[in-house]
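Q: Starting off with a structure, shown below.
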Amino acid sequence: MSTLAGLSPPLWGRVGERGTTDAGVCGLPLSLTLPRKGGGNPAADASLTNGNDIPSVVVAKDHNAILLHAIDEAAVHAGLSIGLPLANARAICPELTVYDADPAADLKTLNDIADWCDRFTPLVALDPPYGLFLDITGCAHLFGGERALLQIVTNALSRRGFAVGAAISGTSIAARTLTRHASGKITADGEEAQAVGPLPVSALGADPAITTGLRRAGLKTIGDVAARAPHEISARFGSAFTTLLTCALGQGDAPISPRKPLPDYIVEKRFPEPIVTDTVIALTLQSLAKMLVVAMDKQGKGARQLEASFFRTDGAVRSIMVEIGRPVTRPEMIDRLFRERLEALADPLDPGFGFDLIRLAAGRTEIVVQQQRDLDASVHDNDELSALIDRIAARIGGKRVVVHLPLQSHIPERSALAVPAQHHLAAAIAAAWPERVAGEPPLRPFRLFERPEPIKVPFATVPDGPPHQFTWRRARHEVVRVEGPERIAMEWWQQDGKRLTRDYFRVEDTEGQRFWIFRDGLYESELRDEDGNPVPANWYVHGLFA
Amino acid sequence: MSPNRSHFGGSCATARMSTLASLRGSIARIEAPSDANMPNRIALGHAGADAMLRGGLAPASLHEVFASGHQGGAATGFIAGLAGRMSPRKPLVWVRQDFSDRESGALSMSGLAEFGLDPRLLVTVRAADVDTALRTAADALACDALGAVVLEVWGDVRQLDLVASRKLTLAAQASGVAALVLRIAATPIPSTAETRWIVRAAHSPPGTAASAWGAPRFDAELVRNRHGPVGRWIMEWKCDECLFSEPSAYPQPVAATPSHRPHQAQARAKHRLAS
């Protein structure tokens, strides 16, 4: 059994402008098949490709039975097949090397291969468990044509010990079908039906029950099935299978779901000789930034999100993303942001044996309105401030640089919302905060605890009055002045009435420190246990006044 | 010149005097920029402190505020007051560590507005560690669109040494942005700060609890002043005017009266003139 990676690509240009999208829909998808020997398990792969004569199998537990999950050539020759119980396999072939299946590692391997495939097209889709679709519309000529591209992909993966099946076809399902039994085939548009017709029905990759059913009905090849009236097939095997068949015959297309959204602009540089040194990498990024800006500038765009991808010769890919608060249109700025980001990486960029491809993509762009600078200094100041925020965010992360927006709530901890400064700077500058009452001392504390801290209050003179002393963080404070209470009721329409009304007091202790403390719950009405007896209130300190 | 030195001759003495003069000259040149900056000083509003600071605080320099662990609220208020004086209408960047929210509370925007500052101009940076905080503060100081940068560091940290404070000072001098460092629960160590304050909360004025209490009051002690003497004052923050001032009704001064008592001398002189 085998897996495949098919690609059906839309558009892709070396300087990253998006081509016309029509080509993408019925372009030429390439399919790759990674046969299920070893199942991507690295340990298994290593030994499976050793070519020794002892059969190796990968087993997985299925409904309390240990079944063969993947097998190698030697095991096929020994007469084993996938799905056989391990005990039976041992009976057939006693000297058997057995490995446990590791689906997580398999998926990771598939993702790594998909990362590597990003160098051929930005549109790579996973086809779990073992397949990939690459949409190569408009990309093939960059690698010398479809045939050459197929060769490059197949050879590179084979060299690493993967058994690969690949095919290029007009639709993704047709390409996938071809990879299973006619690897290396390239079909022109409209010839899918001829190409897949002679293949056995198992190549469709439908449910095993359907495949068995078709065989029992005497329909051995896809051509046989296609010759029947569609309503007969639907009635017996369901409409999903008919759709699959139509796609395989090239009469319909199933869209692929690329792993990453297509960036608006891509620029890249390939190196015949891999580059290793930081200087060259930095220079490459600089020149890529210039190319990107030139491409964006033609359409008056600026980038809000940039991604630099570093493709290592050994197949590993490292991507670094930078978000920008306002559209960036200057190469120096791009260069500087990436320098900040690269410097601050927790695990630095490791060139290994070198990078042979560096790509810079603008994931999100916006139209830049060129406006004449007036003499108003504050406009200029805001530009500088947002540039500073971008730089800091590139280094320490966008969520760590925040501005605050007012919220419509009188509950203290919910009266402001911290939002990333990169995206909300303009909103924060225009926000309307409640005006302070002139002549009053501050009514709200300068420092507010996100979670009110419990304090110990020994007694209060009147049950709903302020305390005379309290203990906070193991230190006792004698209260000398009190202002309050200020009663804040919870939002009953949001809290299901579960939370209690708070009575806030501003208090000053003997040292002159001022606290904002509150009693959680009204004394008589809210603070009662199940029997209706009053229970003592909990006190909290919520903030500190200056 | 003493008689027993006369045999050295006039030329030797002249040479020494000229060396001395040239050294004095170079010292004067080194100190000149600070004198030149005098007119740019920003007055705090508290007359005693401003007189001692020769007009106020220099904006393009480093100022430190220290407070013990439980005086975090007062120290925050004081440094916010300094920042408010430095840059009433310019953005303020406040760099703090992640855990200081839990330790001494997050900055409350409504509290900031009540204090007389503008929450719209505040950008908060939450750094994961001291190194990041220092680096971010130095970066922010290089941006002359800002009015002030507050760096809040909790506890004694190895990284905030003389070299680090020198970097901050240089960045502040180059851009003209005030560098304010808030050190809660830390012990002062040598630094290049222009001024260093130790801040505690001060009592409200006596009187009934209902009448006029609650205005922010600080017991601010100036423990280091590069260009002048030090002192200790009770300051009150006027939220409406965004200004420090003398306490409105404090019974007796906490600060020691200056020994030469200039104000009393002036009063006596006036008295003499009148008589």
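The values are calculated or read from the model by the stated rules, or taken from the named source; none is laboratory data. Being a predicted model, the structure only gives us computed values, none of them experimental. We place every Cβ from the backbone using ideal geometry, glycine too, and count neighbours over all the protein chains shown. For accessibility, only protein heavy atoms count, side chains too; no ligands or nucleic acids. Shrake-Rupley method; radii C 1.70, N 1.55, O 1.52, S 1.80 Å.
Q: Give me the summed buried accessible area for the A-B pair, 1.4 Å probe, to the nearest 100 Å².
A: Accessible area lost upon association: around 4900 Å².
Q: Another question, if that's okay. Taking 41 Å as R0, compute the FRET efficiency from the Cβ-Cβ separation of A:GLN299 and B:SER18 and round it to 0.05. Kindly include the intermediate steps, with their values, before the conclusion.
A: Numbers: r = 72 Å, r/R0 = 1.75.
For A:GLN299 and B:SER18, the calculated efficiency is 0.05.
Q: Another question about this same structure. So which residues of region A:473-487 lose at least 50 Å² of accessible area, probe 1.4 Å, when you go from the chain by itself to every protein chain present?
A: Checking the loss per residue gives A:ARG481.
Q: Based on the Cβ-Cβ distance from A:SER158 to A:GLN194, what FRET efficiency comes out when R0 is 35 Å, to the nearest 0.05?
A: Rounded to the nearest 0.05, the efficiency is 0.80.
Q: When the dipole is taken about the Cα centre of chain A, and only Lys, Arg (+1) and Asp, Glu (-1) are charged at their Cβ, what size is it in debye, to the nearest 20? Don't skip to the answer; put the middle values down first.
A: On the way: 59 positive and 67 negative charges, 139 e Å.
Charge dipole, chain A, about its Cα centre: 660 debye, nearest 20.
Q: Give the relative contact order (percent, whole number) for region A:265-369; include only Cα pairs under 8 Å separated by 6+ residues.
A: Relative contact order of region A:265-369: 47 percent.
Q: With a/c under 1.5 counting as rounded, go ahead and sort region A:265-369 into rounded, prolate or oblate using the C-alpha gyration tensor (a ≥ b ≥ c being the square roots of the eigenvalues; past the cut-off, prolate if a/b is larger than b/c, else oblate).
A: prolate
Q: Can you pull the percent of region A:479-534's accessible area that's carbon plus sulfur, 1.4 Å probe, other chains left in place?
A: Of the solvent-accessible surface of region A:479-534, carbon and sulfur hold 44 percent.
Q: Among residues other than A:GLY218 whose Cβ falls under 11 Å from its Cβ, what is the net charge (Lys/Arg +1, Asp/Glu -1)?
A: +3
Q: Here's another thing I want to ask about it. Mind ordering A:277-288, B:183-194 by average Cβ neighbours within 10 Å, highest first?
A: B:183-194, A:277-288
Q: Moving on. When the accessible area of each residue in region B:107-130 is compared between its chain alone and the complete protein assembly (1.4 Å probe; ligands, DNA and RNA ignored), which residues differ by at least 30 Å², being lower in the assembly?
A: Residues passing the criterion (a loss of at least 30 Å², heavy atoms only) are B:SER108, B:MET109, B:SER110, B:GLY111, B:ALA113, B:GLU114, B:PRO119, B:ARG120, B:VAL123, B:THR124, B:VAL125, B:ARG126.
Q: Next question. Going by a 1.4 Å probe on protein heavy atoms, which residues of region A:427-469 end up with at least 30 Å² less accessible surface in the whole assembly than in their chain alone?
A: Residues shielded by partner chains are A:ILE429, A:TRP433, A:ARG436, A:PRO441, A:PRO442, A:ARG444, A:PHE446, A:ARG447, A:LEU448, A:PHE449, A:GLU450.
Q: Under a 1.4 Å probe, what is the accessible area of region A:54-112 per residue, stated in Å²?
A: 54 Å²
Q: Skip the ligands, DNA and RNA, and give the accessible area per residue of region A:265-369 with a 1.4 Å probe, whole Å².
A: 46 Å²
Q: Mind listing the phi-derived Karplus ³J(HN,Hα) values for region B:80-92, rounded to whole Hz, using 6.51, -1.76 and 1.60 with θ = phi - 60°, and x for any glycine or proline?
A: For region B:80-92, the Karplus-derived couplings read 5, x, 4, 4, x, 5, 5, 9, x, 10, 10, x, 10 Hz, x marking Gly and Pro.
Q: In whole percent, what relative contact order does region A:409-546 give with Cα contacts below 8 Å and a gap of six or more residues?
A: Worked out over region A:409-546, it gives 23 percent.
Q: Let me make sure I get this right: for region A:447-544, a, b and c are the square roots of the gyration tensor eigenvalues over alpha carbons, sorted descending. Under 1.5 in a/c it's rounded, otherwise prolate if a/b > b/c, else oblate. Which is it? Show your work: numbers first, answer last.
A: Numbers: a/c = 2.01, a/b = 1.47, b/c = 1.37.
It comes out prolate by the Cα gyration axes.
Q: Find how many whole Å separate the alpha carbon centroid of region A:104-173 from the alpha carbon centroid of region A:440-504.
A: If we compute the Cα centre of each part, the gap is 64 Å.
Q: Using a 1.4 angstrom probe on heavy atoms only, work out the carbon and sulfur share of the accessible area of region B:43-255 in %. Before the final figure, lay out each step's value.
A: Details: 3960 of 7230 Å².
Of the solvent-accessible surface of region B:43-255, carbon and sulfur hold 55 percent.
Q: Listed highest first by mean packing, meaning other Cβ atoms within 10 Å per residue, what order do A:342-351, A:57-66 come in?
A: With the highest mean Cβ count within 10 Å placed first, the list reads A:57-66, A:342-351.
Q: Given a Förster distance of 56 Å, report the FRET efficiency between B:PHE99 and A:HIS231 from their Cβ-Cβ distance, rounded to the nearest 0.05.
A: So the FRET efficiency works out to roughly 0.25.
Q: Taking Cα pairs under 8 Å and at least six residues apart, what relative contact order does chain A come out at, in percent?
A: Across chain A, relative contact order equals 11 percent.
Q: In peptide B:146-153, how many Cβ atoms from other protein chains are near each Cβ within 10 Å, on average?
A: Across B:146-153, the average partner-chain Cβ count within 10 Å equals 1.
Q: A further question on this structure: Return the subset of B:LYS167/B:LYS238; A:LYS185/A:LYS260; A:LYS269/A:LYS290; A:LYS185/A:LYS269; A:LYS290/B:LYS90; A:LYS108/A:LYS260 for which the Cα-Cα distance in this structure is over 24 Å, preserving the input order. List each step's numbers first, then the result.
A: Numbers: B:LYS167/B:LYS238 33 Å; A:LYS185/A:LYS260 27 Å; A:LYS269/A:LYS290 12 Å; A:LYS185/A:LYS269 30 Å; A:LYS290/B:LYS90 33 Å; A:LYS108/A:LYS260 16 Å.
Violating the 24 Å Cα-Cα cut-off are B:LYS167/B:LYS238; A:LYS185/A:LYS260; A:LYS185/A:LYS269; A:LYS290/B:LYS90.
Q: Counting Lys and Arg as +1 and Asp and Glu as -1, what is the net charge of the other residues whose Cβ lies under 13 Å from the Cβ of B:LYS167? Show your work: numbers first, answer last.
A: Working: positive: B:ARG135, B:ARG166; negative: B:ASP131, B:ASP139, B:ASP161.
So the surrounding residues net to -1.
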